[in-house]
Each structure stands twice: as C-alpha cells, then as structure tokens.
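Colleague: To start, I am sharing the structure in question, which I have written as structure tokens.
The values are calculated or read from the model by the stated rules, or taken from the named source; none is laboratory data. Being a predicted model, the structure only gives us computed values, none of them experimental. Glycine gets a Cβ as well: all are built from the backbone with ideal geometry, and neighbour counts include every protein chain shown.
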Amino acid sequence: MEGRILAANWKMNPPTKEEALKLAAEMEGLLEGLPLTKLLFPPFVYLPLLKLRGIELGAQDVFYEEKGAFTGEVSPLMLKSVGATWVIVGHSERRNVIGETDEIVRRKAEAALKAGLRVIYCVGEKLPDREAGRHLQVVEEQLSYVPVSENVVVAYEPVWAIGTGRNATPEQIEEMHAFIKAKVGLKVLYGGSVKERNARELAAVPNVDGFLVGGASLRPREFRKIGEALAE
Ligand code: PGA
C-alpha cells in the first residue's frame, strides 16, 4: 500500500451504469499522480464494468459463505473474479439499517481474508453512546471481533457523523484513533462527513491513515481536493 488511503464509498449511487462509467472516468483522471492508495467501492453491479488506472476496486459488502443457497448474496470469490481486491464490512448502514451483528461482520471479514481480499472493517458509536461517554467502550466491543491481519484496515465512522455534514472533531478523532491503534495495531481511516472544507484539518490529526468518503466521493473535483489534503 502506497502512502495514506483515500477510499470512495459510493453507497447506492449513481443510478445508472452510464453515470457510473462517467463518474469513474472523471475520478480516474483527477486522482492521477496523487501519492496515495486510492480505492473505489461502487455498487456490486458496476464492479465488472470498471477497470481504472491507479485505483483499486472493492465491494461495499460480501457474504461469508463460499457458495450455495443464499439468495441475493455475493461471495468473496465472485467479487475477486470481477476485479475487486478489497471489501468493506460492518458499515453502519449495514449494521443499523440491515441489522448485521458483530458476529456476522466478523464472519464476513474472515471469509474475505480467506479469499485473499483486503478488508476495511468499520466501527463507530451512535450519538447516545457518545453523549453518555460510552464511545470507547462501544468501539472496544466492536474491535474485539476484528481479525487482526496485515490485510485489515479499520475505519472509525461515528454513526452521528455519517451523511450528516457533522464531522467528528480533531480531538474526538485523535482520541479514538489512538485507542484503536493501541487495541489492534492496525491502520485507521476516518469516515463521516469528510468534505473539501474539513479535509485539511482532519488529515492533520495524528493516527489518521486515510479517509473513507461517502457523499463527497460522488463529486470528483471535491474528492481530488480531499486527496490532496491527505497527500500533503
Ligand atoms: P459520508 O459517508 O462521507 O457521506 O458521511 C461516509 C461513509 O459512510 O463511509
């Protein structure tokens, strides 16, 4: 892995393959030359259509079984065979909207590693946990499921900061990233409303090894600026 990590999580966007191809091409051009490990996580269906110079592809989720009667699921080997080298597991939208448990997330990470994929393992507390001062405890519990491997990167994504425009403060990030590093010794990305306007400040926080970017990754020029902040 070269330098820090700049990861684009497109979530369930954009709405058509034509738009996905156009967006990816713009991103490819704009990110060229940035000395970072650049990752794109598009929806599953766009993976086989994309082949990008200097940007590695990943999937936003994966199932933990290798094959069989699991309607709607996608296996690690299927992802590999269409060009993915990374997967995200445990994103808060999957934990909280779909109902995935820590145990499920752990199984997904292990299956992905077994297939030779790299993993971004997401953790993060909800607002009531932060307000009650339980954030470290909650994240510590989530971390106890993380397989410690050189092929795993943790993403700290406080749930209250995702898609809200309200990023965690540098102090909050510094505390949590140091805590995560002390527990598992892995690289740690920050995610949650990373934008052009806060990228420089957040990139300067100790122990920030990169960003996992949602909304702003759909705006290639802004995404480039975020990458520049990380590369400084
Ligand atoms: P956001 O999403 O940048 O839109 O807040 C981050 C994420 O969910 O990975």
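Colleague: Among the residues of the stretch 1-57, which ones are of a type in the set (Val, Ile, Thr) and closer than 17 Å to residue 230 by Cβ?
Modeller: 5, 37, 55
Colleague: From (1) assigned to a helix (DSSP H, G or I); (2) under 14 Å from the mean Cα position of the chain (by Cα); (3) within 16 Å of the ligand (Cβ to nearest atom), pick out the condition that doesn't hold for residue 172.
Modeller: (2)
Colleague: Being within 25 Å of residue 211 (Cβ to Cβ) and among the β-branched types (Val, Ile, Thr) is the filter; apply it to the stretch 83-114 and report the residue that is nearest to the ligand (Cβ to nearest atom).
Modeller: 88
Table: residues versus (1) within 14 Å of the ligand (Cβ to nearest atom); (2) within 15 Å of the chain's Cα centre (by Cα); (3) modelled with pLDDT of 95 or more; (4) assigned to a strand (DSSP E or B).
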residue: 190; (1), (2), (3), (4): yes, yes, yes, yes
residue: 200; (1), (2), (3), (4): no, no, yes, no
residue: 212; (1), (2), (3), (4): yes, yes, yes, yes
residue: 223; (1), (2), (3), (4): yes, yes, yes, no
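Colleague: If we keep just the residues of the stretch 144-162 that are in contact (Cβ under 8 Å) with a residue 60 or more places away in the chain and not in a loop (DSSP other than H, G, I, E, B), which is nearest to the ligand (Cβ to nearest atom)?
Modeller: The extreme case among them is 155.
Colleague: Being within 20 Å of the chain's Cα centre (by Cα) and not aromatic (Phe, Trp, Tyr) is true for just one of 99, 33. Which residue is that?
Modeller: Just a single option satisfies the conditions, and that option is 99.
To keep it simple, each residue is scored yes or no on (1) in contact (Cβ under 8 Å) with a residue 40 or more places away in the chain; (2) farther than 17 Å from residue 2 by Cα; (3) polar (S, T, N, Q).
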residue	(1), (2), (3)
35	yes, no, no
43	no, yes, no
48	no, yes, no
53	no, no, no
59	no, yes, no
65	yes, yes, no
71	no, yes, yes
81	no, yes, yes
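Colleague: Show the residue pairs that are 6+ apart or on different chains and have beta-carbon atoms under 9 Å apart, the first residue being within the stretch 206-223 and under 17 Å from residue 20 (Cβ atoms) and touching a residue at least 40 places away in the same chain (Cβ under 8 Å), the second being near the ligand (Cβ under 6 Å from one of its atoms) and in a strand (DSSP E or B).
Modeller: What qualifies is 213/9; 213/191; 214/9; 214/191; 217/9; 223/213.
Colleague: Just to be sure I understand, how many residues within the stretch 118-173 are of a type in the set (A, V, I, L, M, F, W, C), over 29 Å from residue 13 (Cα atoms) and surrounded by 21 or more Cβ atoms within 10 Å (Cβ to Cβ)?
Modeller: Going through the stretch 118-173 one residue at a time, the tally reaches 0.
Colleague: If I filter the stretch 184-193 for residues that are polar (S, T, N, Q) and over 25 Å from residue 20 (Cβ atoms), do I get at least one hit?
Modeller: no
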